[in-house]
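The values are calculated or read from the model by the stated rules, or taken from the named source; none is laboratory data. For clarity, every value in this text was computed on a predicted model and none was experimentally measured. Using ideal geometry, Cβ is built from the backbone for each residue, glycine included, and neighbour counts are taken over all protein chains shown. Each accessible area value is taken on the protein alone, full model and side chains, heavy atoms only, with ligands, DNA and RNA left out. Shrake-Rupley method; radii C 1.70, N 1.55, O 1.52, S 1.80 Å.
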Amino acid sequence: MGTLLLVHAHPDDEAISTGGAMMKARADGHRVVLVTGTRGEAGEIYNMDEAATRPHLGDVRRKELEDASRILGVNRGEFLNYRDSGRVGTTENEHPR
């Protein structure tokens, strides 16, 4: 069978956009490879303590992505380790890099 290659900007994109396609591809016998550009370290925090979580949010999001990848049937996952640019209007987004 073939390989399905998916490229996403941040962790959680797999769950909110292509998770069903990944599961279907695996069920049909295809290899699934997921490449994620950032670790999502500038992302929003809704369900955790902001002050305690912010310093290590990239690690939290990485672990969440690893867990989701197992559930979705990803054969191989890679991070490109780009800096998360944050949302428009945030300090992270104003960074020159």
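So for the stretch 22-43 (the condition being open to solvent by 80 Å² or more (accessible area, probe 1.4 Å), modelled with pLDDT of 95 or more and in contact with a Lys or Arg (Cβ under 9 Å, 6 or more places away or on another chain)), does at least one residue qualify?
Initially, the stretch 22-43 is screened for residues open to solvent by 80 Å² or more (accessible area, probe 1.4 Å), giving 23-24, 26-27, 31.
Add one more test, that the residue is modelled with pLDDT of 95 or more, and what stays is 23-24, 26-27, 31.
Add one more test, that the residue is in contact with a Lys or Arg (Cβ under 9 Å, 6 or more places away or on another chain), and what stays is 31.
Yes - at least one qualifying residue is present in the stretch 22-43.
Out of the residues in the stretch 1-21 that are small (G, A, S) and in contact with a helix residue (DSSP H, G or I) (Cβ under 6 Å, 6 or more places away or on another chain), which is modelled with the lowest pLDDT?
To start, the set of residues in the stretch 1-21 that are small (G, A, S) comprises 2, 9, 15, 17, 19-21.
Keeping just the survivors that are in contact with a helix residue (DSSP H, G or I) (Cβ under 6 Å, 6 or more places away or on another chain) gives 15, 19.
Values: A15: 90, G19: 96.
Among those that are small (G, A, S) and in contact with a helix residue (DSSP H, G or I) (Cβ under 6 Å, 6 or more places away or on another chain), it is A15.
Kindly provide the set of residues from the stretch 1-21 that are within 28 Å of E41 (Cβ to Cβ), touching a strand residue (DSSP E or B) at 6+ places or on another chain (Cβ under 9 Å) and open to solvent by 70 Å² or more (accessible area, probe 1.4 Å), ordered by number.
Of the stretch 1-21, the ones within 28 Å of E41 (Cβ to Cβ) are 4-21.
The next check asks that each one be touching a strand residue (DSSP E or B) at 6+ places or on another chain (Cβ under 9 Å); those that pass are 4-11, 13-14, 17-18, 21.
Of everything in the stretch 1-21, those that are within 28 Å of E41 (Cβ to Cβ), touching a strand residue (DSSP E or B) at 6+ places or on another chain (Cβ under 9 Å) and open to solvent by 70 Å² or more (accessible area, probe 1.4 Å) turn out to be L5, V7, S17.
Quick check on my filter: what residues within the stretch 5-36 are out of contact with any Leu (no Cβ under 8 Å at 6 or more places or on another chain), more than 20 Å from E64 (Cα to Cα) and either without any contact (Cβ under 8 Å) to a residue 12 or more places away in the chain or in a strand (DSSP E or B) (or both)?
Matches in the stretch 5-36: K24 only.
Whether any residue in the stretch 44-59 is within 23 Å of V88 (Cβ to Cβ) and in contact (Cβ under 8 Å) with a residue 40 or more places away in the chain is what I want to check.
Scanning the stretch 44-59 turns up at least one residue that is within 23 Å of V88 (Cβ to Cβ) and in contact (Cβ under 8 Å) with a residue 40 or more places away in the chain.
Which members of the stretch 33-65 meet the condition of being among the polar types (S, T, N, Q) and in contact with a strand residue (DSSP E or B) (Cβ under 6 Å, 6 or more places away or on another chain)?
Hits for the stretch 33-65 are T36, T38.
Hey, any hits in the stretch 44-57 for a residue that's part of a loop (DSSP other than H, G, I, E, B), at pLDDT below 95 and surrounded by 12 or more Cβ atoms within 10 Å (Cβ to Cβ)?
Taking every residue of the stretch 44-57 in turn, at least one turns out to be part of a loop (DSSP other than H, G, I, E, B), at pLDDT below 95 and surrounded by 12 or more Cβ atoms within 10 Å (Cβ to Cβ).
What are the pairs with Cβ atoms under 8 angstrom where one residue, in the stretch 68-91, is free of Cβ contacts under 8 Å to residues at least 60 places away in the same chain and open to solvent by 50 Å² or more (accessible area, probe 1.4 Å) and the other, located anywhere, is charged (D, E, K, R) and assigned to a strand (DSSP E or B)? Sequence gap at least six, or different chains.
N75/R31; R76/R31
Is it the case that the stretch 79-88 has a residue that's at pLDDT below 95 and over 21 Å from V35 (Cα atoms)?
Within the stretch 79-88, one or more residues are at pLDDT below 95 and over 21 Å from V35 (Cα atoms).
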